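The values are calculated or read from the model by the stated rules, or taken from the named source; none is laboratory data. This structure is a prediction, so every number in the text was calculated from the model and none was measured. Here the Cβ positions follow ideal geometry from the backbone for every residue, glycine too, while neighbour counts run over all protein chains shown. We work out accessible area using only protein heavy atoms, side chains counted, and drop any ligands, DNA or RNA first. Shrake-Rupley method; radii C 1.70, N 1.55, O 1.52, S 1.80 Å.
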Amino acid sequence: EAGVAQSPRYKIIEKRQSVAFWCNPISGHATLYWYQQILGQGPKLLIQFQNNGVVDDSQLPKDRFSAERLKGVDSTLKIQPAKLEDSAVYLCASSLLSDQPQHFGDGTRLSIL
Amino acid sequence: AQSVTQPDIHITVSEGASLELRCNYSYGATPYLFWYVQSPGQGLQLLLKYFSGDTLVQGIKGFEAEFKRSQSSFNLRKPSVHWSDAAEYFCAVGNSGGYNKLIFGAGTRLAVHP
């Protein structure tokens, strides 16, 4: 089966600009996660979707980050405006259901200048 | 609050040598524990998990881990390391039980000398 697809793989922007990341989960997976992985740290959950509804966004900086999962399939994560501390790898993961193993994409590496 | 500590940031071993990566957790109830591996430029792959039962769990690629409740530890081991095992290893705890709401440690980067 095809894995979790993410694009772009790399993105370089200047601070205060906006950026968007896209994730296509494994077909049929109801649960989708976005993680932020800062260099030297483990991944941190930003938001979890169940189908097209948000289950947990307690760690999402809502003043600048937004995410949506229209139609319960693909998802986009947006940052506007970006700050230097947003430099990180953004990982998307999906699972068949929330109590099933998560499958990770290869991530998008974001660099803020 | 739940947390995971991986005391070793970087470990270097020789190919063929044994390996042990340390993981300590803080969790109020029975923990759901995981080890993931991340190769450069790639996402995370699940190596093994502990939910309950036998405290020694076997995973993929010849890895195993032992859950020790008295020490709040879940150390990862491999008897003989291969050069392809060079990667970053993350220990995680399921914050609400199961695979959900994972809390990751900071990771241990493994280098393998030929």
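Kindly provide the set of residues from the stretch B:92-114 that are part of a strand (DSSP E or B) and surrounded by 14 or more Cβ atoms within 10 Å (Cβ to Cβ), ordered by number. B:ALA92, B:VAL93, B:GLY94, B:LEU102, B:ILE103, B:PHE104, B:THR108, B:ARG109, B:LEU110, B:VAL112, listed by residue number.
In the stretch B:73-91, which residues are charged (D, E, K, R), surrounded by 18 or more Cβ atoms within 10 Å (Cβ to Cβ) and touching a Phe, Trp or Tyr at 6+ places or on another chain (Cβ under 8 Å)? Matches in the stretch B:73-91: B:LYS78 only. When the residues of the stretch B:42-72 are filtered to those that are within 21 Å of B:ASN100 (Cα to Cα), hydrophobic (A, V, I, L, M, F, W, C) and part of a strand (DSSP E or B), the one that is most open to solvent (accessible area, probe 1.4 Å) is B:LEU46.
To keep it simple, each residue is scored yes or no on (1) within 13 Å of B:SER18 (Cα to Cα); (2) without any contact (Cβ under 8 Å) to a residue 40 or more places away in the chain; (3) not small (Gly, Ala, Ser).
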site: B:TYR50; (1), (2), (3): no, yes, yes
site: B:ASP54; (1), (2), (3): no, yes, yes
site: B:GLY59; (1), (2), (3): no, yes, no
site: B:GLY62; (1), (2), (3): yes, yes, no
site: B:GLU66; (1), (2), (3): no, yes, yes
site: B:GLU88; (1), (2), (3): no, no, yes
site: B:ALA92; (1), (2), (3): no, no, no
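In the set (1) within 14 Å of chain A (Cβ to nearest Cβ); (2) over 26 Å from A:SER58 (Cα atoms), B:VAL81 fails one condition alone, (1).
Conditions tested, residue by residue: (1) part of a loop (DSSP other than H, G, I, E, B); (2) of a type in the set (A, V, I, L, M, F, W, C); (3) at pLDDT 95 or above.
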| residue | (1), (2), (3) |
| --- | --- |
| B:PRO40 | yes, no, no |
| B:PHE74 | no, yes, yes |
| B:VAL81 | yes, yes, yes |
| B:PHE90 | no, yes, yes |
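Only one of A:ALA93, A:ALA67 is small (Gly, Ala, Ser), within 12 Å of chain B (Cβ to nearest Cβ), surrounded by 17 or more Cβ atoms within 10 Å (Cβ to Cβ) and within 13 Å of the chain's Cα centre (by Cα). Can you tell me which?
Values: A:ALA67 fails: within 12 Å of chain B (Cβ to nearest Cβ).
Criteria check complete, one pass: A:ALA93.
The set of residues in the stretch B:86-114 that are away from chain A (no Cβ under 14 Å), over 13 Å from the mean Cα position of the chain (by Cα) and within 17 Å of B:LEU44 (Cβ to Cβ) contains only B:ALA86. I'm checking my understanding of the structure. Among residues of the stretch B:6-25 that are under 15 Å from the mean Cα position of the chain (by Cα), open to solvent by less than 70 Å² (accessible area, probe 1.4 Å) and touching a residue at least 24 places away in the same chain (Cβ under 8 Å), which one is nearest to the other protein chains (Cβ to nearest Cβ)? Per the stated criteria, the residue is B:GLN6.
Residues in the stretch A:10-31: is at least one of a type in the set (Lys, Arg), farther than 25 Å from B:GLY105 by Cα and open to solvent by less than 20 Å² (accessible area, probe 1.4 Å)? Looking through the stretch A:10-31, none of the residues is of a type in the set (Lys, Arg), farther than 25 Å from B:GLY105 by Cα and open to solvent by less than 20 Å² (accessible area, probe 1.4 Å).
Identification of strands (runs of 3 or more DSSP E) wholly contained in the stretch A:1-56 with 2 or more residues that are touching a Cys at 6+ places or on another chain (Cβ under 8 Å), closer than 19 Å to A:ASP99 by Cβ and at the interface with chain B (Cβ under 10 Å from one of its Cβ atoms) yields A:31-37.
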